[in-house]
Amino acid sequence: MTAVPIPRQPTPKTDTMTRSPKAESTPVFALKELVASLYREQNKIQNLLSSLGFALRSFNNLNQFLELTPLMAARVTDADGSALVLYKTQGQVSLEQLHCQDHQTAQAIRQAITQIIDQTNHQLVPPALPLSLDEQIRQALGTRIRLYSTPILVKNIERGRIYVFSTDPEYIWTQTRRKLLQLVADQTAVAIANNELTVELRSKERQDRELEIASEIQLRLLPRQCPIIQGVELAARCQTANRVGGDYYDFIATNYDQLRQDQEIKKGDPTTCVPWSIVIGDVMGKGVPAGLIMTMTRGMLRAEVLNRHSPAQILQHLNRVMYADLDNSHRFVTLFYSEYNPQTRILSYSNAAHNPPFLWQGTSQTITKLDTEGMLIGLDPDSEYEDGRVQLTPGDIILYYTDGFTDAVNQKGQRFDEENLIRVFEEGCQKYEHPQNILEYLFKEIEAFIGSGNNNSDDMTLVVMQIKSSP
C-alpha cells in the first residue's frame, strides 16, 4: 500500500497582529486590555439598565417589574444576590423579591430576612426601619456575607430598600457600584409611583362614573316638566354647581298616586283642578351626600302629602321622621312647602327656614315675601311650624328660589344678595308675560353678575308660578 503524503502546513508569517510573549507583557498591551474590559463592562451595564427602562415602559403590572429589580441590582453591581424590601401601610415591612445564584446562600438570606421582618411587623412600636433593619440583617448574616443597601424614595418618602450581597472577601463597594444601585432604586421608585397613579386614576374614573349615575338618577327624580294646573303657568330650572346637588323642587298632585306616568294631561282635565303642592328646598352641603338626602326628602314628603294635612303639619311630621337620619349625617334641610287650590286661587304654605318666596302682585306692582316661623328640618325633633295663606289674583307671579342666587359672588367678591334678586325679578315681571321668559332673564342676569371666568360654587334653583285668568 502506497502511503499518502500529508502536506505540511505553511509556517505563519509574523505580522503586527501576532502576539509575542514579550508584547503581552508590555504596558501598552495591558492598557488596551483594561480599556477593552472597561468597554465591555460599560456595554453590559448599559444593556442591563436599558432593559430595566424598557420593562418600566412596557409592563403594566408592578409585580412583573419588581421581579426584575433584584436581578438587575445584582448584575450591575457584580454582587452574588439582591433583595427588595418594601414598606407597607401602618409600618409593615415585606420581602417582595430575592435573587441569588447560589441556592443555599439564597435560602439562608431569605430565612434571615423573613425572620427579622416578622419580628419587626409584630412589634407594637416599630423601630426606625432603615437603620434597624440593616443592622439586624447584617448581624443575622454574619461576617461571611457582605451587605450593602440603598433607599427607594417616592416623593422624598422612603418606601423600601434594595440590598445586595456578596460572599467574595475581595468584593469592594465602590462609588460606581453605589451609583448603579441607586439608578435601579430610582427606576423602581418610578414604577411604584406610576402604579399608584394608575390605581388613583382608575379609582377616579370609577368615582366619575358613579357620579354620572348619581347625577342621572337625581335628574330623573326632579320633575321632567311642569304640570298643567288650571289657571296657572309654571317654569322651573335647577342648575347644580357639581354633577350632584342638594337643591330640590317638586310639583305634587294631591291625587298623584292615582295618576299614570304616561298619561297625557290636557287643560280642562279633572286632574288639573285638584290642589297641587309646589315645594322648594335646599340640603346643607353639596355633592353626593346632599343629593342622597335630597332624594330621601323627596320620597318622605310625597308620602306625607297623601295624608292631606295642612302645610305646617306636613313639615312637622317630615321633621320628626327625618330627624334621626339628618342628625347622624350632621346635615339640615331648608324647605318651603305650599299648596295651591285652583278652585279658590288660595295658596297655603309653611316655611322651614328656607328663603321666603317673592310675590309680585300684578294689581299693585309691588313685591312681598311669603314667610312663616319655622326651624330647619333636622335641627330639633319637636319643632313647630306655622300655616300661612294668601289669596292670589290673575297677574300675580311667585318666585321660589334657593340661596345659590343671593350667595352668588362676582370676580370682585361681591354678593348678588336679596336686593338685587328683587330688583331683577321686578324687571322681569315688567318686561315679560310668561314665567319661562322671566326665569331665563333671571339666570341671564346672575350669569352676567358672576362673570364668564367665575363659576358659581352653589346650586341655583328657580320656580316661577304665574296666575292666569280662568279659561
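The values are calculated or read from the model by the stated rules, or taken from the named source; none is laboratory data. All figures in this text were calculated on a predicted structure; none of them were measured in a lab. Cβ coordinates were reconstructed from backbone atoms using ideal geometry, including for glycine residues, and neighbour counts include every protein chain displayed. All accessible areas refer to the heavy atoms of the entire protein, side chains included, with ligands and DNA or RNA removed. Shrake-Rupley method; radii C 1.70, N 1.55, O 1.52, S 1.80 Å.
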Sole miss for Thr120 among (1) open to solvent by less than 20 Å² (accessible area, probe 1.4 Å); (2) modelled with pLDDT of 85 or more is condition (2)
Scanning region 135-154 residue by residue, those surrounded by 14 or more Cβ atoms within 10 Å (Cβ to Cβ) and either in a strand (DSSP E or B) or of a type in the set (Val, Ile, Thr) (or both) turn out to be Ile137, Ile145, Arg146, Leu147, Tyr148, Ser149, Thr150, Pro151, Ile152, Leu153, Val154
Would you confirm, using the coordinates I've provided, whether Leu335 is open to solvent by less than 10 Å² (accessible area, probe 1.4 Å) and over 28 Å from the mean Cα position of the chain (by Cα)? yes
Among strands (runs of 3 or more DSSP E) entirely within region 354-459, at least 2 residues that are touching a helix residue (DSSP H, G or I) at 6+ places or on another chain (Cβ under 7 Å) and either more than 21 Å from Ser338 (Cα to Cα) or not charged (D, E, K, R) (or both) occur in 358-361, 397-401
When Asp396 is run through (1) touching a residue at least 24 places away in the same chain (Cβ under 8 Å); (2) open to solvent by 50 Å² or more (accessible area, probe 1.4 Å); (3) among the charged types (D, E, K, R), the failure sits at (2)
Leu347: passes all of (1) modelled with pLDDT under 95; (2) buried (at least 17 other Cβ atoms within 10 Å of the Cβ) but (1)
Just one listed residue, out of Met294, Met322, is under 16 Å from Thr461 (Cα atoms), in contact (Cβ under 8 Å) with a residue 24 or more places away in the chain and either in contact with a helix residue (DSSP H, G or I) (Cβ under 8 Å, 6 or more places away or on another chain) or of a type in the set (Lys, Arg) (or both), and it is Met294
**Asked** Could you say whether any residue in region 351-358 is surrounded by fewer than 19 Cβ atoms within 10 Å (Cβ to Cβ), in contact with a Lys or Arg (Cβ under 7 Å, 6 or more places away or on another chain) and modelled with pLDDT of 85 or more?
**Response** yes
Here the qualifying pairs (Cβ atoms under 6 Å; residues six or more apart or on different chains; first in region 297-319 and farther than 17 Å from Asn255 by Cβ; second of a type in the set (Val, Ile, Thr) and not in a helix (DSSP H, G or I)) come out as Thr297/Val333; Asn319/Ile377
Picking from Ala312, Ala241, Ala235, the residue that is under 29 Å from Phe443 (Cβ atoms) and either part of a helix (DSSP H, G or I) or at pLDDT below 80 (or both) would be Ala241
Condition met for Ala79 (under 15 Å from Ala185 (Cα atoms) and buried (at least 21 other Cβ atoms within 10 Å of the Cβ)) = no
Out of (1) under 29 Å from Gln225 (Cβ atoms); (2) modelled with pLDDT of 90 or more; (3) over 33 Å from the mean Cα position of the chain (by Cα), the one Glu386 does not meet is (1)
